């Protein structure tokens, strides 16, 4: 029997840092910088969601569902919600087993009500 909150997991959120080359060109470095934490449920994406995102060339295998108030970022979101501050390429690291999941698509607000947010992710860093 399940109890409320049993499936909630803690994730550390990382973002690849930017660097500038000698010629002034901006690019991503391989270094990850911690930007916050997220508490949410973790599950496999449905076959329909996997197929839909594959057709859009966004391979996903899992989804993380959370409430916007459970997204805690080190820097406040500029001009939007904390969920909008997280973007594709950010890395979620599960606290208990240190598995990493890369965000493949922008956050999806279920029903556009701001109660729940879905992140579609792919395993691996």
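A simple spin-label model places pseudo-atoms 7 Å from Cα toward Cβ; at residue 25 and residue 99 they are separated by 3.7 nm. Please give the calculated 222 nm ellipticity per residue for the chain, where each DSSP H segment of at least 4 residues contributes -39500 (n - 2.57) and the sum is spread over every residue; nearest 500 deg cm²/dmol? One gets -2500 deg cm²/dmol as the mean residue ellipticity at 222 nm. Legend: ranking of residues 98, 61, 86 from fewest to most surrounding C-beta atoms inside 10 Å; resulting order 98, 61, 86. Scoring 88-95, 115-122 by mean Cβ neighbours within 10 Å over their residues and listing the highest first yields 115-122, 88-95.
Looking at (i) 15.2, 60; (ii) 15.3, 53; (iii) 15.5, 48, which value of Rg and Dmax of the Cα atoms in Å comes from a calculation on the structure shown? Among (i) 15.2, 60; (ii) 15.3, 53; (iii) 15.5, 48, the one calculated here is (i).
Each reported figure results from applying straightforward, stated rules to the coordinates on display, with no laboratory input. From a predicted model like this one, the values you see are computed outputs, not experimental measurements. When we count neighbours, we look across all protein chains shown, and the Cβ atoms used for this are built from the backbone with ideal geometry, even at glycine.
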